[in-house]
1. Is it fair to say residue 97 is farther than 25 Å from residue 22 by Cβ and either of a type in the set (A, V, I, L, M, F, W, C) or within 18 Å of the chain's Cα centre (by Cα) (or both)?
2. Tell me, yes or no, whether the range 59-68 has at least one residue that is out of contact with any helix residue (DSSP H, G or I) (no Cβ under 8 Å at 6 or more places or on another chain), without any contact (Cβ under 8 Å) to a residue 24 or more places away in the chain and more than 29 Å from residue 186 (Cα to Cα).
3. Within 30 Å of residue 197 (Cβ to Cβ) and surrounded by 13 or more Cβ atoms within 10 Å (Cβ to Cβ) - does that describe any residue in the range 37-50?
4. At least 3 residues that are hydroxyl-bearing (Ser, Thr, Tyr) in each: list the strands (runs of 3 or more DSSP E) lying fully within the range 1-76 that qualify.
5. Could you look through the range 168-184, keep only residues that are at pLDDT 85 or above and surrounded by 13 or more Cβ atoms within 10 Å (Cβ to Cβ), and pick out the one that is farthest from residue 143 (Cα to Cα)?
6. Can you list residue pairs whose Cβ atoms sit under 7 Å apart, with the first residue in the range 86-104 being in the same structural domain as residue 74 (by TED's automatic domain parsing) and basic (Lys, Arg) and the second being surrounded by 13 or more Cβ atoms within 10 Å (Cβ to Cβ) and not in a loop (DSSP other than H, G, I, E, B)? Count only pairs 6 or more apart in sequence or on different chains.
7. Name the single residue, out of those in the range 1-22 being loosely packed, with under 13 Cβ neighbours inside 10 Å and among the polar types (S, T, N, Q), that is farthest from residue 65 (Cα to Cα).
8. What pairs come up if the first residue lies in the range 16-32 and is assigned by TED's automatic domain parsing to the domain that holds residue 53 and charged (D, E, K, R), the second is outside any loop (DSSP other than H, G, I, E, B) and buried (at least 17 other Cβ atoms within 10 Å of the Cβ), and their beta carbons are under 6 Å apart, counting only those six or more places apart or on different chains?
Amino acid sequence: MCEIKERTENDEHIIELTIEGETVCSARTLGYGLLESITTDQHSRRKHYGTRLLQHIEEIARQNEVRVMKTTDIDSKDMAAVSFFRKIGYNLEPIENGRFLEGSKKLVVAEVKNPKDPKLLVLFYLLEFRDYGVKEKNFRASLTYIAKECKLSVWATSRILEKSRKEGLVERSFFQNVPPEEQFFQITRKGIKYLIQKDKHLQYSDF
């Protein structure tokens with residue numbers, strides 16, 4: 001059983017992801033917008049626990065209207081850490097003569113929490129994960145995942161995505177450095193502009 005627990009010590013939030021009661025990944029944040037550290041147990045790596053926990057942390061930040069998530073003191077020689085943050089959309093900049101890196105990622109704080117239009121619901125979901133997509137092993141798995149997260153039927157989600165693809169709002173994207181079956185749906189720039197037209201609270205400069 002997977003569970004995420006949180007506790008507060010002074011101004012720090014300590015968030016832990018546990019499997020069957022055992023902590024496999026933990027993080028510390030200062031307030032809601034600064035990730036101080038995130039670590040995964042050595043025997044639990046390459047299972048996407050770090051990604052899952054960071055997604056949870058980012059969602060908490062969005063709920064508290066944080067528009068930019070930041071992290072700092074990333075060792076530039078730690079290629080695993082550098083790859084992890086870049087893969088999930090963090091922009092890394094050198095500090096202290098390039099020995100360490102500072103990361104930042106713009107978050108979507110949408111005022112339309114539960115849009116009535118299912119099309120907007122799907123596009124908002126893709127917008128939140130635009131930097132690393134909704135990535136699964138194949139088309140059907142990606143479709144099923146999006147439908148589940150948006151609380152829509154697979155049939156309805158499929159029609160929305162196909163129509164949006166024809167309108168140029170969504171595309172199927174492939175990373176060049178992974179096998180072809182590693183496929184996910186990605187919102188396009190045209191799709192972002194479409195959402196901005198629908199939601200006056202979104203600004204193009206945010207993206």
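1. no
2. No, the range 59-68 has no match at all.
3. Taking every residue of the range 37-50 in turn, none turns out to be within 30 Å of residue 197 (Cβ to Cβ) and surrounded by 13 or more Cβ atoms within 10 Å (Cβ to Cβ).
4. Output list reads 22-30, 34-40.
5. Among residues in the range 168-184 that are at pLDDT 85 or above and surrounded by 13 or more Cβ atoms within 10 Å (Cβ to Cβ), the one farthest from residue 143 (Cα to Cα) is 169.
6. 86/92
7. Result: 10.
8. Listed pairs, sorted by first residue: 16/26.
The values are calculated or read from the model by the stated rules, or taken from the named source; none is laboratory data. The shown structure was predicted, so the numbers you read here are calculated from the model rather than taken from an experiment. Note that each Cβ is placed from the backbone with ideal geometry, even for glycine, and that neighbours are counted across all protein chains shown.
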